[in-house]
1. Give the cross-link partners of residue 244 among the lysines, using a straight C-alpha distance below 23 Å as the criterion and excluding same-chain residues fewer than 8 apart.
2. Per residue, how large is the accessible surface of the chain? Use a 1.4 angstrom probe and give square angstrom.
3. Can you give the charge dipole size of segment 90-170 about its Cα centre, rounded to the nearest 20 debye, using +1 on the beta carbon of Lys and Arg and -1 on the beta carbon of Asp and Glu?
4. Tell me which aspartates and glutamates have Cα within less than 19 Å of residue 269's Cα, excluding those fewer than 8 residues away on the same chain?
5. Enumerate the whole-percent occupancy of each 10 Å bin, from 0 to the last occupied one, for all C-alpha pair distances of segment 157-234.
6. Averaged over all directions, how much area does the convex hull of the C-alpha atoms of segment 205-324 cover when projected, in nm²?
7. Given a cut-off of 33 Å, what percent of all Cα-Cα pairs of the chain lie beyond it?
8. Counting only protein heavy atoms and a 1.4 Å probe, tell me what percentage of the chain's accessible area is made up of carbon and sulfur.
Amino acid sequence: VCVDEVIERVLSGDRGLLPDAAAADMDEERVSQQAGRIRAFLKVQDGCDYACTFCRTTQVRGPSRSKSVAAIIDEAKRLVANGYPEVVLTGINLAQFAPPDGNLASLSEGLLRIDGLRRLRLASINPYGIDEDLVSVFPGDDRACPHFHIPLQSGDDSVLRVMARGYSREFYLSRVELIKRMIPQATFGADIIVGFPGESDAAFQNTLSLIKLVGFANLHLFRYSPRVGTIAADARDQVPEAVKRERAEQVERVYRRCQQDLLSSYIGKTVSVLLEEKTRDGWRGYTREYIDAHVHTSIAQVPGDEIAVRVTGVGEGFLLGDEK
Ligand code: SF4
């Protein structure tokens, strides 16, 4: 199948054009990546059944498929035995994780029964993958890290519809509210695209207002750039580059203000930091809420130590604190 044909067939609604990859049994895959000796990324799902109009993933990676819960737990046990204190569950579209023997909630519960696992995180998960069952796993166990990276892309319903994202602004906010209600200390991250074709000033303002409402701890911001072979690339109402730049700057300003407010709210509190790397005057690591923390400590430590830290101040995008 040539590339042009793949694109044409996908755009006409045909999905999963890479039968070999699509049919591959994920249980046979060992695709975990590691970040240093702290965080192991365990891929539990591949492919995607959605067809967002800016994305080529479905064309390239085929339909969604999931590793079985049994195989994942087996793999996680080996990662933990090899010294990784933190496991991050990843997927191309983690919200579509649908193994034959469970779901994301039961998988998380199973993983939390592994001796030696100290932190469990979900990587990016689309809003339709978040339900009460899944969220209820988190308050019961400190090791389940209360940080949710939920791709947003736009805070405006008309843009979300044209993107074919499969959720509305209201639904997105309902997921955030559900999490905040069940896990008050939860923090949030998101991906946002500015300057998507047809994004009006009013639509962009809806994105800005949603950023303020959620108060993200981290944000991946993209200026829309067309991908050949996608529907959005051929849209006539492309947004001028200068407007995209201006909108990106506005998002950055609003996000940084919200982030600093969030970080300042930790001053005087105690957080748990998993140490990752030594710095000139201490250590650097992440809190359970996935906030970057710079820690002063006079006690000898090694990467992977988890210590209680009293937050004394904030830097640009990170916490400052002393070991308690
Ligand atoms: S953006 Fe994500 S959900 Fe949408 S088609 Fe691409 S991989 Fe799937």
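The values are calculated or read from the model by the stated rules, or taken from the named source; none is laboratory data. Note that the structure is a prediction, hence the values are computed from the model and not measured. Glycine also receives a Cβ, built like all others from the backbone with ideal geometry; neighbour counts cover every protein chain displayed. Side chains are part of the model used for accessible areas, which takes the heavy atoms of the whole protein and leaves out ligands, DNA and RNA. Shrake-Rupley method; radii C 1.70, N 1.55, O 1.52, S 1.80 Å.
1. 212
2. Details: 14850 Å² over 324 residues.
Heavy-atom SASA per residue in the chain reads 46 Å².
3. Values: 8 positive and 11 negative charges, 69 e Å.
Once rounded to the nearest 20, the dipole reads 340 debye.
4. The qualifying aspartates and glutamates are 142, 261, 289, 292, 306, 316, 322, 323.
5. Calculated P(r), rounded to whole percents: 16, 48, 28, 8, 1.
6. Averaged projected hull area, Cα only: 10.0 nm².
7. 31
8. Taking all protein chains in place, the chain shows 50 percent carbon and sulfur surface.
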